[in-house]
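Heads up: the structure comes next, in C-alpha cells.
The values are calculated or read from the model by the stated rules, or taken from the named source; none is laboratory data. Worth saying up front: this structure is predicted, and the values here are computed from it rather than measured. Cβ: placed from backbone, ideal geometry, glycine included. Neighbour counts: every protein chain shown. All accessible areas refer to the heavy atoms of the entire protein, side chains included, with ligands and DNA or RNA removed. Shrake-Rupley method; radii C 1.70, N 1.55, O 1.52, S 1.80 Å.
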Amino acid sequence: MNYNPEQLTAIQSTEPYILVNSGPGTGKTSVLVGAATEYIKNNPDKKVSLITFTNKAADEMTSRMGLSPQIDYIGTIHGFAKKHLYNLAAEQGFRVRILQDDQVKQIIYQVVCSIDYIKRSDREYFANEGFNFIINRSNFFKEFKGYRVDHTLFDIDEQYQSFKIENGLYD
C-alpha cells in the first residue's frame, strides 16, 4: 500500500501509544496494522494492543496481524474495557456480570410487575418506557393514563438499580 506522509509518520512512530483519527475508508486499519507490525519488530519484548470502535475493523486487524505472542489484545474499545473490568474484578476476588439489553429489559419487566399501582394492562408500556429511561436517562415528565410518568419511572429505576446491586450485576 502507498502511504501518505501522515500515515508513514504514524507507522514509523516509536511512541508506545498512537491515535489514528480519520474518516471512513482512509486507511486507518492499514496504518494501525503497519504501526503494530513495526513496533513489534523494533520492540520484541513488548506487547501490543490494537483498539478500534467497530467489530469489522477489529476482525480485519486480526486477519492481517495473524497470531503473535506479542499481541495482547485486538478488538473494540468496549471489549477492551470489559476485559480489564473482568481482570480487575478477578484480582479483587469478585465476579462481574455485565447485562445485555435483552436481560435489562427482562429485569425491568419483572420490576414493573412488582409495582402494585401499575395496572396489568399498562405493564408493557412502563417496561418499554422504563428501559428507555434507564438506558438513555431521558426526561419523562409527562402523564400517561393518569400516572405521573416521572414518578413511576423513578420507582422503576430505583428498584432496578437495587436489583443489580443485590445480584452483582452491571449494565
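What is the packing order of peptides 70-77, 24-31, taking the mean over residues of other C-beta atoms within 10 Å and listing the highest first? Walk me through the numbers before you get to the answer.
Details: 70-77: 16.6, 24-31: 15.0.
Highest mean packing first, the order is 70-77, 24-31.
Karplus couplings for the range 98-112 from phi (6.51 cos²θ - 1.76 cosθ + 1.60, θ = phi - 60°), rounded to Hz, Gly and Pro as x?
Coupling constants for the range 98-112: 9, 7, 8, 4, 5, 5, 4, 4, 5, 5, 4, 4, 4, 4, 4 Hz.
Placing +1 at every Lys and Arg Cβ and -1 at every Asp and Glu Cβ, with all other atoms neutral, what dipole size does the range 1-72 have around its Cα centre, in debye to the nearest 20? Walk me through the intermediate numbers first.
Details: 6 positive and 7 negative charges, 18 e Å.
Once rounded to the nearest 20, the dipole reads 80 debye.
Output needed: percent of Cα pairs per 10 Å distance bin for the range 27-94, bins running from 0 to the one holding the longest distance.
Bin by bin from 0 Å, the calculated values are 20, 47, 26, 7, 0.
What dipole magnitude, in Debye to the nearest 20, does the chain give about its Cα centre under +1 on Lys/Arg Cβ and -1 on Asp/Glu Cβ?
Details: 19 positive and 21 negative charges, 49 e Å.
My answer is approximately 240 debye.
Just name one of TYR17, THR152, ILE77: the one whose Cα is farthest towards the positive end of the charge dipole of the range 1-155 (beta-carbon charges, Lys/Arg +1, Asp/Glu -1).
Of the options given, the answer is THR152.
In deg cm²/dmol and to the nearest 500, what is the mean residue ellipticity at 222 nm of the chain if only DSSP H runs of at least 4 residues count, each as -39500 (n - 2.57), divided by the residue total? Let's see the in-between values first.
On the way: 7 runs with 96 residues, N = 171.
Taken over the chain, the calculation gives -18000 deg cm²/dmol.
Would you kindly work out the equivalent ellipsoid of the range 1-59 from its C-alpha gyration tensor and give its semi-axes, the square roots of five times the eigenvalues, largest first in whole Å? Each step should come with its number before you reach the end.
Numbers: eigenvalues 68, 43, 17 Å².
Semi-axes from the Cα gyration tensor: 18, 15, 9 Å.
Per residue of the range 6-16, in order, report the coupling 6.51 cos²θ - 1.76 cosθ + 1.60 (Karplus, θ = phi - 60°) as ³J(HN,Hα) in whole Hz, putting x for Gly and Pro.
Per-residue couplings from phi come out as 5, 5, 4, 4, 5, 5, 8, 4, 9, 5, x Hz.
Counting heavy atoms of the protein chains only and a 1.4 Å probe, report the per residue accessible area for the chain as a whole number of Å². All intermediate terms of the calculation are to be shown ahead of the outcome.
Working: 11430 Å² over 171 residues.
Each residue of the chain exposes 67 Å² on average to a 1.4 Å probe.
Which percent of the accessible area of the range 21-171 is formed by carbon and sulfur heavy atoms (probe 1.4 angstrom)? It would help to have the intermediate numbers written out before the result.
On the way: 4890 of 9630 Å².
Roughly 51 percent of what the probe reaches on the range 21-171 is carbon or sulfur.
Which cross-chain or sequence-distant (5 or more) residues have an amide H under 5 Å from the amide H of THR52, H modelled 1.01 Å from N in plane?
For THR52, whose amide H was placed from the backbone, the distant partners under 5 Å are GLY75, THR76, ILE77.
Over all alpha-carbon pairs in the chain, figure out the percentage whose distance exceeds 29 Å. Write out the running numbers ahead of the final one.
Values: 6744 of 14535 pairs.
In whole percent, the share of Cα-Cα pairs in the chain beyond 29 Å is 46.
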